[in-house]
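All remarks here apply to the structure that follows.
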Amino acid sequence: MSERIESVLHEERRFSPPASFRASARIGDAATYQELYRRSLEEPDAFWSEVASELHWFRRWDAVLEWEEPFARWFAGGTTNLSYNALDRHVEAGLGNKVAFFWEGEPGDRRVLTYAEMLREVGTFANVLKARGVTKGDRVAIYLPMIPEAAIAMLACARIGATHSVVFGGFSAQALVDRIVDADAKAVITADGGYRRGKVLPLKPAVDEALQRCPSVETVITVRRTGSDVNMEPGRDHWWHDLAKHASPDCPAEPLDAEHPLYILYTSGSTGKPKGVLHTTGGYMVGTYLSTKHVFDLKPNDVFWCTADVGWVTGHSYIVYGPMLNGATQIMYEGAPTHPAPDRLWSMVDRYKATVFYTAPTAIRAFMKLGDAHPSRHDLTSLRLLGTVGEPINPEAWTWYRRVIGGDRCPVVDTWWQTETGAIMLTTLPGAHDAKPGSAGLPFFGVEPAIVDVDGNDVARDDGGYLVMKRPWPSMLRTVYGDDDRYRNQYWSEIPHVYFAGDGARRDADGYFWIMGRVDDVVNVSGHRLGTMEVESALVSHEAVAEAAVVGRPDEIKGQGIVAFVTLEGDRTGDDGLRSALRDHVAKEIGSIAKPDVIHFAEALPKTRSGKIMRRLLRSVASGEELSGDVSTLEDRSVVEKLTGAG
């Protein structure tokens with residue numbers, strides 16, 4: 001890492017919350033936010049004690065925070081249980097008949113589960129796990145489609161103190177092996193399969209293949225979802241429904257230390273084995289509870305829909321834990337967002353009267369490319385708030401989302417956070433702040449971010465630099481599982497005495513943060529270090545472009561040249577004339593220095609199964625290098641194969 005990152009994106013639009021939204025918001029003005037934020041930094045013990053006291057504890061904590069850089073203990077000495085707080089607490093308050101999940105399978109089958117029914121299901125499955133020898137401290141791998149049993153299994157693990165490791169249901173057997181072996185998992189929860197784009201995605205066969213190399217696994221419990229024929233190994237393999245028939249629904253929640261390991265979630269690295277990000281119980285609970293309540297302005301009658309998969313941190317924090325800690329009613333959907341037709345999600349928003357909708361920029365850009373006709377066929381007026389997550393959103397996608405999906409009336413909250421942070425770190429609060437398209441917004445409570453140079457010195461406003469956190473926060477990762485040195489070196493050593501997120505960013509005159517992309521993705525052109533997100537936003541602001549990804553490749557004169565991979569709107573085709581027009585458009589938007597040297601037109605971009613563009617692979621394509629590193633998260637290998645011949 002060296003030198004500063006130059007900011008070249010200029011976006012002046014602002015959108016204020018509607019007066020009607022502001023009037024009923026939990027935090028309805030900037031002054032209230034500012035006072036709470038100031039208190040969260042100046043009086044953190046009192047602030048976090050008040051928040052934590054809204055939840056149930058078997059034993060109150062002795063200290064809010066014990067900090068020995070880089071290791072934190074939040075709510076030290078306290079004991080609690082996330083499953084109890086997400087279920088029992090609401091049932092005991094008389095909310096047992098409130099809907100927890102409206103679930104819909106891709107084929108169209110539906111289930112409705114209340115909080116009382118979820119408590120019974122979770123208690124039953126917790127007893128199933130105990131009967132199979134799973135005890136507090138054991139690790140359990142969960143490899144399921146987006147069905148209610150995924151949330152039930154996670155909450156059952158949390159109930160008895162088993163640490164869950166959810167593996168996304170689209171991953172390969174090899175990805176399973178890496179994660180099961182690293183966690184030394186004792187049990188695997190899976191299904192015969194799930195539905196995706198009209199086909200059965202087999203899961204149990206991948207488990208069978210993986211377990212040939214996973215000696216720690218003693219038990220496999222399989223949900224019958226598709227009715228596919230699967231191999232059942234006597235003694236090891238059991239059907240979920242068979243075991244549940246003989247189990248009691250009554251399973252008292254285990255009092256767990258605030259620092260008891262709640263889950264491990266693996267993130268892929270460019271090289272080497274995946275990192276097991278470890279989150280613990282008390283601080284994560286408090287962080288996801290508070291951020292869900294305020295970022296989404298959650299109300300008792302809301303119908304909340306986060307479209308993520310539970311295999312990603314967004315599904316952990318903003319499907320299973322944060323919303324359920326707040327007693328929310330949610331929508332959960334199993335399948336592809338455009339199956340069997342491009343309007344599948346909008347038909348569901350209409351059917352279930354969703355009020356809060358949280359999705360990824362890559363999905364928004366895909367919907368933009370499909371056109372306005374699909375959402376316009378449905379009544380989306382139940383929506384009152386929109387959110388985005390997963391990567392920086394370019395301003396054109398942001399404004400389309402607000403206009404077409406939100407009817408120009410819904411605030412849009414962009415949220416910046418990571419698997420490692422556990423909960424939302426930067427955002428606008430929807431009733432308190434103006435939103436700026438493309439900006440991640442302001443710091444959430446207890447979060448102290450800064451933009452610094454490589455030595456840790458603050459840079460001037462509107463200068464690009466490295467995004468860091470200057471103090472610990474409750475939902476932060478505690479370590480990399482089994483590797484404290486990797487945790488220390490990766491997150492706390494590159495810049496002294498701060499958490500380095502790996503992202504470049506700038507902070508504008510109003511204090512809003514603008515994420516410029518991963519530092520690894522910065523392009524160094526003639527000594528100018530440019531963030532890829534800003535060049536991509538300029539490209540996408542052209543009417544012909546649906547999506548763009550920008551990478552650098554070696555250049556003898558400039559150091560690096562800019563290579564852009566572009567997908568076009570609708571059925572448009574690319575030619576040299578459009579290439580020239582796009583280069584001129586970038587020069588007009590942000591300056592000649594950012595003009596791409598090469599523009600490839602592509603049918604699709606290589607993405608992870610969570611929708612993030614894999615720029616590392618594009619760098620290899622742009623430079624003519626062989627693909628290397630971890631590709632276990634790549635959704636469609638054929639996309640890369642086509643790109644190697646892109647023109």
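Here A341 does not qualify as buried (at least 21 other Cβ atoms within 10 Å of the Cβ), outside the structural domain of V112 (by TED's automatic domain parsing) and assigned to a loop (DSSP other than H, G, I, E, B). Going residue by residue through the stretch 229-243, is there one that turns out to be assigned to a helix (DSSP H, G or I), farther than 21 Å from E334 by Cα and within 23 Å of the chain's Cα centre (by Cα)? No, the conditions are met nowhere in the stretch 229-243.
Would a scan of the stretch 212-222 turn up a residue that is free of Cβ contacts under 8 Å to residues at least 24 places away in the same chain, in a loop (DSSP other than H, G, I, E, B) and of a type outside the set (F, W, Y)? Yes, the stretch 212-222 contains a residue that is free of Cβ contacts under 8 Å to residues at least 24 places away in the same chain, in a loop (DSSP other than H, G, I, E, B) and of a type outside the set (F, W, Y). Within the stretch 96-114, if we keep just the residues that are out of contact with any Ser or Thr (no Cβ under 9 Å at 6 or more places or on another chain) and surrounded by 18 or more Cβ atoms within 10 Å (Cβ to Cβ), the residue that is farthest from S347 (Cα to Cα) turns out to be T114. Being buried (at least 24 other Cβ atoms within 10 Å of the Cβ), under 21 Å from V313 (Cα atoms) and at pLDDT 95 or above is a property that does not hold for A126. So T608 fits all but one of (1) at pLDDT below 85; (2) among the hydroxyl-bearing types (S, T, Y); (3) under 20 Å from D463 (Cβ atoms); what number is the exception? Among (1) at pLDDT below 85; (2) among the hydroxyl-bearing types (S, T, Y); (3) under 20 Å from D463 (Cβ atoms), T608 violates only (3). Here W74 passes the criteria (1) part of a helix (DSSP H, G or I); (2) in the same structural domain as M425 (by TED's automatic domain parsing) except the one numbered (1). Return yes or no: is G446 at pLDDT below 95 and in the same structural domain as R38 (by TED's automatic domain parsing)? For G446, the condition - at pLDDT below 95 and in the same structural domain as R38 (by TED's automatic domain parsing) - is not met.
Once the stretch 61-71 is narrowed to residues that are among the charged types (D, E, K, R) and part of a strand (DSSP E or B), the residue that is surrounded by the most Cβ atoms within 10 Å (Cβ to Cβ) is E66.
Note on the stretch 575-607: residues that are in contact (Cβ under 8 Å) with a residue 40 or more places away in the chain and among the charged types (D, E, K, R) total 3. Of all the criteria given as (1) among the hydrophobic types (A, V, I, L, M, F, W, C); (2) surrounded by 21 or more Cβ atoms within 10 Å (Cβ to Cβ); (3) under 20 Å from L262 (Cα atoms), the one not satisfied by A76 is (2).
For every residue, the table says whether it meets (1) charged (D, E, K, R); (2) not assigned by TED's automatic domain parsing to the domain that holds V223.
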| position | (1), (2) |
| --- | --- |
| E35 | yes, yes |
| K98 | yes, no |
| T114 | no, no |
| E117 | yes, no |
| V134 | no, no |
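Looking across the stretch 223-242 at every residue that is free of Cβ contacts under 8 Å to residues at least 40 places away in the same chain and in contact with a helix residue (DSSP H, G or I) (Cβ under 7 Å, 6 or more places away or on another chain), the one that is surrounded by the most Cβ atoms within 10 Å (Cβ to Cβ) is identified as V230. The residues of the stretch 316-338 that are of a type outside the set (G, A, S), touching a helix residue (DSSP H, G or I) at 6+ places or on another chain (Cβ under 7 Å) and assigned to a loop (DSSP other than H, G, I, E, B), listed by number, are N326, P337, T338.
Name every residue in the stretch 387-409 that is without any contact (Cβ under 8 Å) to a residue 40 or more places away in the chain, surrounded by fewer than 24 Cβ atoms within 10 Å (Cβ to Cβ) and touching a helix residue (DSSP H, G or I) at 6+ places or on another chain (Cβ under 9 Å), in order of residue number. Answer for the stretch 387-409, where residues must be without any contact (Cβ under 8 Å) to a residue 40 or more places away in the chain, surrounded by fewer than 24 Cβ atoms within 10 Å (Cβ to Cβ) and touching a helix residue (DSSP H, G or I) at 6+ places or on another chain (Cβ under 9 Å): W400, V404, D408. Taking each residue of the stretch 459-484 that is farther than 21 Å from L41 by Cβ and looking for partners that are among the small types (G, A, S) and part of a loop (DSSP other than H, G, I, E, B) with beta-carbon atoms closer than 6 Å, six or more apart or interchain, yields G464/S7. Among the residues of the stretch 190-202, none is identified as in contact with a Phe, Trp or Tyr (Cβ under 6 Å, 6 or more places away or on another chain) and not in a strand (DSSP E or B).
Got at least one residue in the stretch 88-106 being at pLDDT 95 or above, among the basic types (K, R) and either closer than 26 Å to L290 by Cβ or in a loop (DSSP other than H, G, I, E, B) (or both)? Yes, the stretch 88-106 has at least one match. Annotation: of all residues in the stretch 498-551 being at positive phi and part of a strand (DSSP E or B), the one that is modelled with the highest pLDDT is G502. A residue that is touching a Cys at 6+ places or on another chain (Cβ under 7 Å) and at pLDDT 95 or above occurs nowhere in the stretch 328-348.
The values are calculated or read from the model by the stated rules, or taken from the named source; none is laboratory data. For clarity, every value in this text was computed on a predicted model and none was experimentally measured. Virtual Cβ from ideal backbone geometry, glycine too; neighbours counted across all protein chains shown.
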